[in-house]
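Working notes, structure below.
The values are calculated or read from the model by the stated rules, or taken from the named source; none is laboratory data. Given the structure is predicted, the values throughout are model-derived calculations rather than measurements. Because the Cβ atoms are built from the backbone with ideal geometry, glycine has one as well, and the counts that use them run over all protein chains shown. Remember, those area values only see protein heavy atoms, side chains included, never the ligands or the DNA or RNA. Shrake-Rupley method; radii C 1.70, N 1.55, O 1.52, S 1.80 Å.
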Amino acid sequence: GTFFDVKDISDAPFAITGNSFKVLYPNGGEILRQGELHTVRWEPPLGVPYVTLGIQEQVPAGTGYENAYTVIAENVSNSGSYYWTASVYPGNVQIKPGSYKLRITAVTGSNVILDDSDVPFTIASAVN
């Protein structure tokens with residue numbers, strides 16, 4: 001087939017509005033201990049039945065992993081909260097202590113809605 005490079009540039013500034021998430025907890029600075037149950041919280045957008053939760057380990061730029069999020073829960077009811085034990089990924093893969101950000105994502109049709117923790121939080125070793 002033939003490929004057409006069609007594009008347009010806005011004549012004036014504009015804003016994209018509509019549904020959005022707001023991560024409430026952990027939103028930065030918190031210390032979550034491995035093995036402890038935590039309540040992830042967010043302001044849920046309307047009309048979104050399910051969300052995906054992921055975490056991003058904060059690694060140095062240039063490592064190739066600085067933008068990678070790992071899913072911790074899929075098909076979560078968009079109720080505004082989810083109970084999570086900060087120790088393993090799905091498949092029983094251990095989450096190592098470190099600095100992380102949370103991302104909550106939903107796909108509605110062709111639109112992706114997401115929000116990240118404002119600043120990193122810490123997953124710390126379990127207290128023995």
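Things worth noting here:
- Gyration tensor (alpha-carbon) shape descriptor, region 41-110, a/c threshold 1.5: prolate
- Options Ile72, Pro120, Val23, ranked by Cα towards positive dipole end of the chain, top entry (Cβ charges): Ile72
- Normalising the average separation of contacting C-alpha pairs (under 8 angstrom, six or more residues apart) by the number of residues puts the relative contact order of the chain at 33 percent.
- Accessible surface for region 30-128, divided over its residues, is 57 Å² per residue with a 1.4 Å probe.
- Antiparallel bridge percentage (DSSP; both residues within the chain; nearest 5): 90 percent
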